[in-house]
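The values are calculated or read from the model by the stated rules, or taken from the named source; none is laboratory data. Computed from a predicted model, the values in this text were never measured in an experiment. Don't worry about glycine lacking a Cβ; one is built from the backbone with ideal geometry, like all the others, and counts go over all protein chains shown. Surface accessibility is based on the protein's heavy atoms, side chains included, excluding ligands, DNA and RNA. Shrake-Rupley method; radii C 1.70, N 1.55, O 1.52, S 1.80 Å.
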Amino acid sequence: MISRVEVQETNSMIREMNLDVRTITMGISLMDCAHEDMGVFNRKIYDKITRLAEKLVKTGEDLEKQFGVPIVNKRISVTPVSIAAGGLKTHTYVPVAETLDKAAKEVGVNFIGGFSALVQKGFTAGDRLLIESIPEALAVTERVCSSVNVGSSRSGINMDAVKLMGDIIVRTAERTADRGSIGCAKLVVFCNAVEDNPFMAGAFHGVGEQECVINVGVSGPGVVKRALEEVQGKDFETLCETIKRTAFKVTRVGQLIAQEASKRLEVPFGIIDLSLAPTPEIGDSIAEIFQTMGLEEAGAPGTTAALAILNDNVKKGGVMASSYVGGLSGAFIPVSEDHGMIEAVQRGALTLEKLEAMTCVCSVGLDMIAIPGSTSKATISGIIADEAAIGMVNNKTTAVRIIPVIGKDVGEVVEFGGLLGYAPIMPVNSFNCAPFIERGGRIPAPIHSFKN
């Protein structure tokens, strides 16, 4: 039973601290839609998505009204299209993206993820076709999100894919240059991608998942910040215990919503992703948490340690509240979606290199970072390679969602709107790495043990 005190606490977190369920994401398998004819395949995926997700948005709205918990996004993830559409006889997967977009609009979800390929060890014909289709697909759709996994701790890093993704990101930026190169905001390059991630732009429905499943992502940076304000000046043990207790409370809210959504939609419950994902709202910022911990700005000495404390204790608190914590649970550090991070960049406290160091201990990686539109594709590939290496060696998920904004340079600002916020254009190391990227091939996986 949930006590009256817990109810009052939750109401306070919602009213005053920006607690929300960031997303209810329905994962849908497209494996049984496979067909060699584009028309037949598109009809089958449209019919399946619209049938299974018909009540998703309404259910989310009903739960908001009943429990008073804001549910910001309702989303869908599907089987990576390069797998589901592998048997198609076609020269482009853009029509598949258009069908996904049409289905997403029909059921009213904010985004649909899964225009994806998993190429950590090599390419299939379908993988190459999907990746080459990304710039056009993200330019002609509104709600489709794309991801490519280029490495893993077991397979190493596919450097041919890393090289190709630098080119794809530049081409995507150019195709959406009239909208601030926003296509790149819907494209993520992963190492060690997870199969049950409910957060965009990297969500896809893994091949090891059920036919259809409900995953819920909960977020509460404002709640953690408020809790830490109560222990100002206390030691690190107290700091850690406070974060754990707060994460427990936040996760319980997500557990309640997830179970109710699962029951009403008659779809199995998958996981709770407890990720401190900020928004542009004041008081809903990871950078503000750092300041409450005692740092003048995000990026000050001690920031990586503060993020490690935050990430670890959020997970510890979450796993005590639910048996099914998964996804990317921890702390996200997207620059454009966090007003405190934006201010830190503008003040010179936070650089791309410091962000890279922070990704060693955060939930994902370099996220929603705007860079000059003139940045070379080789430099972007180098950034991806660095981030993938961090993920591969440390056996963690890392990712790059970087946006070369065509026509803009360092010091200017690009507006994306909504949860995507706005971002200052950050400087990038201009020294050449092209000969390194041009080598191609695969970086072997690291040694995991010397046991024999």
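Given +1 on the Cβ of Lys and Arg, -1 on the Cβ of Asp and Glu, and no further charges, what dipole in debye does segment 364-447 carry about its Cα centre, rounded to the nearest 20?
With Lys and Arg at +1 and Asp and Glu at -1, about 300 debye.
From the square roots a ≥ b ≥ c of the eigenvalues of the alpha-carbon gyration tensor of the chain, which class results: rounded (a/c under 1.5), prolate (a/b over b/c), or oblate? Walk me through the intermediate numbers first.
On the way: a/c = 1.57, a/b = 1.13, b/c = 1.39.
It is oblate, given that a/c is not under 1.5 and a/b is not larger than b/c.
Excluding Phe290 itself, what net charge comes from residues whose Cβ is under 11 Å from its Cβ, given Lys and Arg +1 and Asp and Glu -1?
Details: positive: Lys225; negative: Glu288, Glu296, Glu297, Asp338.
Combined, the nearby Lys, Arg, Asp and Glu give -3.
How large is the accessible surface per residue of the chain, computed with a 1.4 Å probe and reported in Å² as a whole number? Mind showing how you got there, number by number?
Values: 18010 Å² over 452 residues.
Counting only protein heavy atoms, the per-residue value for the chain is 40 Å².
Could you sort out which of Lys58/Lys408; Lys105/Lys263; Lys74/Lys244 sit more than 31 Å apart by Cα distance in this structure?
On the way: Lys58/Lys408 40 Å; Lys105/Lys263 24 Å; Lys74/Lys244 27 Å.
Too far apart for the 31 Å limit: Lys58/Lys408.
Does segment 288-429 come out rounded, prolate or oblate by the C-alpha gyration tensor, with a ≥ b ≥ c the root eigenvalues, rounded set by a/c under 1.5 and, if not, prolate when a/b is larger than b/c and oblate if not? Don't jump to the answer; show the numbers that get you there.
Details: a/c = 1.81, a/b = 1.44, b/c = 1.26.
Cα axes put segment 288-429 in the prolate bin.
If one computes the Cα centroid of segment 158-184 and of segment 398-452, what distance in Å separates the two points?
11
Is segment 360-452 rounded, prolate or oblate when judged by the Cα gyration tensor, a ≥ b ≥ c being the square roots of its eigenvalues, rounded requiring a/c under 1.5 and prolate requiring a/b larger than b/c?
On the way: a/c = 3.51, a/b = 1.64, b/c = 2.14.
In terms of gyration-tensor shape, oblate.
Let me check I've understood the local charge: for Pro444, count other residues with C-beta under 15 angstrom from its C-beta, Lys and Arg +1, Asp and Glu -1. What total comes out?
Numbers: positive: Lys121, Arg154, Arg439, Arg442; negative: Asp160.
Combined, the nearby Lys, Arg, Asp and Glu give +3.
Which of the pairs Lys186/Lys377; Lys55/Lys102; Lys225/Lys396 have their Cα atoms more than 24 Å apart in this structure? Display every interim value, and only then the final one.
Working: Lys186/Lys377 18 Å; Lys55/Lys102 16 Å; Lys225/Lys396 26 Å.
Flagged as over cut-off: Lys225/Lys396.
Could you give the length gained by full extension between Glu211 and Lys105, i.e. 0.36 nm per residue of separation minus their alpha carbon distance, to one decimal place? Numbers along the way, then the final one.
Details: separation 106, 0.36 × 106 = 38.16 nm, distance 2.18 nm.
Length gained between Glu211 and Lys105: 36.0 nm.
If packing is taken as the mean number of other Cβ atoms within 10 Å per residue, what is the order of 189-198, 246-255, 432-441, highest first? If you can, show how the numbers build up before the last one.
Working: 189-198: 25.9, 246-255: 23.7, 432-441: 12.7.
In decreasing order of mean packing, 189-198, 246-255, 432-441 become 189-198, 246-255, 432-441.
For Thr359, what charge total do you get from the other residues with a beta carbon under 12 Å from its beta carbon, if Lys and Arg give +1 and Asp and Glu give -1? Write down the numbers at each step before the final one.
Values: positive: Lys354, Lys396, Arg401; negative: Glu353, Glu356, Asp367, Asp386, Glu387.
So the surrounding residues net to -2.
Once the piece of chain linking Lys65 and Lys263 is laid out straight, how much longer is it, given 0.36 nm per residue of separation minus the C-alpha distance between them? Display every interim value, and only then the final one.
On the way: separation 198, 0.36 × 198 = 71.28 nm, distance 1.67 nm.
Length gained, Lys65 through Lys263: 69.6 nm.
Which percent of the accessible area of the chain is formed by carbon and sulfur heavy atoms (probe 1.4 angstrom)? Mind dumping the intermediate values first?
Details: 9110 of 18010 Å².
C and S atoms contribute 51 percent here.
Label Arg179 and Ala308 with points 7 Å out from Cα along Cα→Cβ: what is the distance between them in nm?
The two pseudo-label positions are separated by 4.1 nm.
Mind checking the dipole of the chain: about its Cα centre, +1 per Lys or Arg Cβ, -1 per Asp or Glu Cβ, Debye to the nearest 20?
Values: 44 positive and 53 negative charges, 179 e Å.
The dipole magnitude comes to about 860 debye.
Per-residue counts of other Cβ atoms within 10 Å, averaged by peptide: what ranking do you get for 78-87, 117-126, highest first?
Ranking the peptides 78-87, 117-126 by packing returns 78-87, 117-126.
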